[in-house]
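Beneath this line is the structure, given in structure tokens, with notes to follow.
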Amino acid sequence: MITKVYSAIPYGYNGKLIEIEASLTKGLPFFNIVGMGDKTIIESKDRVRNAIQNSDLSFPTHKITVNLAPANLVKTGSTLDLSIAISILIASKQLSPQDLKQKLFIGELSLSGEVRPVYGVINILEVAKATGFSEIFLPSENLASAASIQGIQLFPIKTLKQVFLHLKHQILISPITSIPLTQSSIQTPQDFNITLDNVYGLNFAKRALLLALAGHHNLLLTGPPGSGKTLLAKTIPSLLPPPSPQEALAITKINELSHSPSTYLARPFRSPHHSCSSCAIIGGGNPIIPGEISLAHFGVLFLDELPEFSHQVLEALRQPLEDRQITISRANEKVTFPADFILVATMNPCPCGFYGSQIRECTCTASQIQKYQKKISGPILDRIDIKIHVPYLGNQKVLENFNIQKKCTQEPSAPVHKNSIQFYTHDVVKNSIEKALRIQESRYHTTNLYNGNLSSSQLSKFVHLSPASQKHLELASENLHLSTRALFKIIRLSRTIADLDSSPEIKVQHISEAISFNQT
């Protein structure tokens with residue numbers, strides 16, 4: 001007798017349906033699993049045997065062969081433990097195959113028969129729903145993530161015996177109705193150690209940061225050590241608005257694939273060390289898991305001291321910065337992960353950090369400076385929308401903030417201008433970002449399309465230039481010898497500046513400001 005039980009595994013950003021076949025034949029007791037399983041699946045033989053025996057069930061004393069189909073697909077992980085155990089119980093006639101219609105089983109088994117959580121449960125549920133399964137048996141600890149998938153019944157389980165008794169119609173498990181994600185159900189952290197109010201001065205840099213987050217533009221901050229580049233970047237988590245329900249689901253899905261599910265739904269802020277390998281940044285491994293650029297999906301990837309990253313890592317960023325996704329090819333498989341992130345990077349102007357600075361003399365030779373700056377190739381710089389120099393303001397500006405008498409004499413009702421200190425307080429900047437994002441959502445009729453990632457066809461559809469603005473842009477293109485990509489990114493940035501000014505059209509001053517952010 002050959003039995004069939006269904007399960008699924010995560011495969012890249014999607015999932016794959018797996019058919020588990022079990023056959024009991026005459027011969028010496030032997031348990032074998034075929035179908036290109038990795039070491040984790042091969043070791044499941046001992047987990048399944050002990051789990052069945054310790055659940056007061058009988059493990060058959062026959063020759064047992066379990067096949068995982070399709071046979072040409074490499075299976076990884078412990079997700080199939082529960083379904084393998086169920087298939088053996090059916091093959092040994094302890095369960096009836098009629099009780100398995102439209103049912104799919106996932107879960108790792110312990111030696112005692114407990115069902116442990118697995119990774120990639122959202123991928124599994126999506127492929128199960130797409131292939132017509134309506135009842136999913138899954139570990140109870142995976143229920144929080146799984147409940148966001150609608151249209152299926154979820155049966156949270158804790159032990160193998162609990163599943164057995166349910167399928168025997170003795171002690172039924174109550175199904176859980178899916179709970180769709182809504183904006184009100186998304187919980188984000190409220191307390192941040194660093195906000196924009198902790199950064200003194202640097203209004204031009206704050207303006208650049210505002211534009212980057214408001215329109216999802218890539219940002220490069222250059223300046224001497226101690227100028228506040230890293231501090232500015234660390235204020236980003238407090239400024240990012242909460243994700244939409246669709247974005248929150250994608251963020252959760254990516255985190256689960258990386259085996260690091262988050263406890264709350266917030267836009268990611270990834271800050272990998274410069275010693276990270278290309279595989280860690282881009283993704284890969286065996287099995288292929290998402291890298292830092294995918295874990296930053298719908299959030300920010302912060303690369304501190306950009307030239308210190310290896311040349312291979314920096315050049316690997318070309319495709320994801322352009323296509324907003326990354327395709328990883330290996331000998332046996334090819335998977336694609338999303339990578340729609342804002343790149344925020346910092347760098348010193350030279351190895352010692354003080355080239356062009358007035359606070360200390362640069363000790364680097366001309367060849368050292370040239371070699372250091374050439375670590376960032378032209379194609380990478382061309383994909384960064386905003387490039388600014390962050391000056392070192394000196395300690396006097398910092399000490400002024402401790403002057404109590406000066407604070408008391410400030411006029412709280414002074415008018416707020418674009419270049420004033422009051423305009424770049426934390427609350428004002430955060431509200432401006434949310435306002436610009438609402439304008440873009442209304443224009444593009446979606447929550448995950450922004451000015452910074454408009455394609456050339458979308459630019460011609462949504463962005464229109466007045467004759468004066470077009471003439472100004474043509475002159476700038478001729479005088480500055482702009483590439484086509486540079487021209488498009490100036491238009492994208494001009495659109496964000498216009499949105500912050502609540503202007504329906506792009507004006508000459510918007511284009512001039514956008515150009516000023518690209519001439520560092």
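General remarks:
- Matching residues in region 323-344 - criterion: being farther than 17 Å from Asn123 by Cβ and without any contact (Cβ under 8 Å) to a residue 40 or more places away in the chain: Asp323, Thr327, Ser329, Ala331
- Condition check for Ser244 on (1) touching a residue at least 40 places away in the same chain (Cβ under 8 Å); (2) more than 30 Å from Ile124 (Cβ to Cβ): one failure, at (2).
- Among residues of region 278-298 that are within 13 Å of Ser329 (Cβ to Cβ), those with a Cβ under 7 angstrom from a residue that is open to solvent by less than 20 Å² (accessible area, probe 1.4 Å) and assigned to a helix (DSSP H, G or I), sequence gap 6+ or separate chain, pair up as Ile282/Ile293; Gly283/Ser294.
- Scanning region 191-208 for residues that are farther than 13 Å from Thr425 by Cα and of a type in the set (D, E, K, R) yields a single hit, Asp191.
- Apart from one condition, Ile388 fits all of (1) modelled with pLDDT of 90 or more; (2) open to solvent by 50 Å² or more (accessible area, probe 1.4 Å); (3) within 22 Å of Phe204 (Cβ to Cβ); the exception is (2).
- Test: Thr447 is surrounded by 14 or more Cβ atoms within 10 Å (Cβ to Cβ), among the hydroxyl-bearing types (Ser, Thr, Tyr) and over 24 Å from the mean Cα position of the chain (by Cα): no
- Residue check for Gly27: on the phi > 0 side of the Ramachandran plot and in contact with an Asp or Glu (Cβ under 9 Å, 6 or more places away or on another chain): no
- From the list Leu73, Leu109, the lone residue that is open to solvent by less than 40 Å² (accessible area, probe 1.4 Å) and modelled with pLDDT under 95 is Leu73.
- Elements of type helices (runs of 4 or more DSSP H) contained in region 122-232, each with 3 or more residues being at pLDDT 90 or above and crowded, with 16+ Cβ neighbours inside 10 Å: 160-167, 203-215
- Taking residues in region 345-367 that are within 18 Å of Ile380 (Cβ to Cβ) and of a type in the set (Val, Ile, Thr), and partners anywhere that are open to solvent by 20 Å² or more (accessible area, probe 1.4 Å) and at pLDDT 85 or above, the pairs with Cβ atoms closer than 9 Å and at least 6 places apart or on different chains are Thr346/Thr222; Thr346/Thr230; Thr346/Asp304; Thr346/Glu305.
The values are calculated or read from the model by the stated rules, or taken from the named source; none is laboratory data. The shown structure was predicted, so the numbers you read here are calculated from the model rather than taken from an experiment. Note: ideal-geometry Cβ built from the backbone for every residue, glycine included; neighbour counts use all protein chains shown. For accessibility, only protein heavy atoms count, side chains too; no ligands or nucleic acids. Shrake-Rupley method; radii C 1.70, N 1.55, O 1.52, S 1.80 Å.
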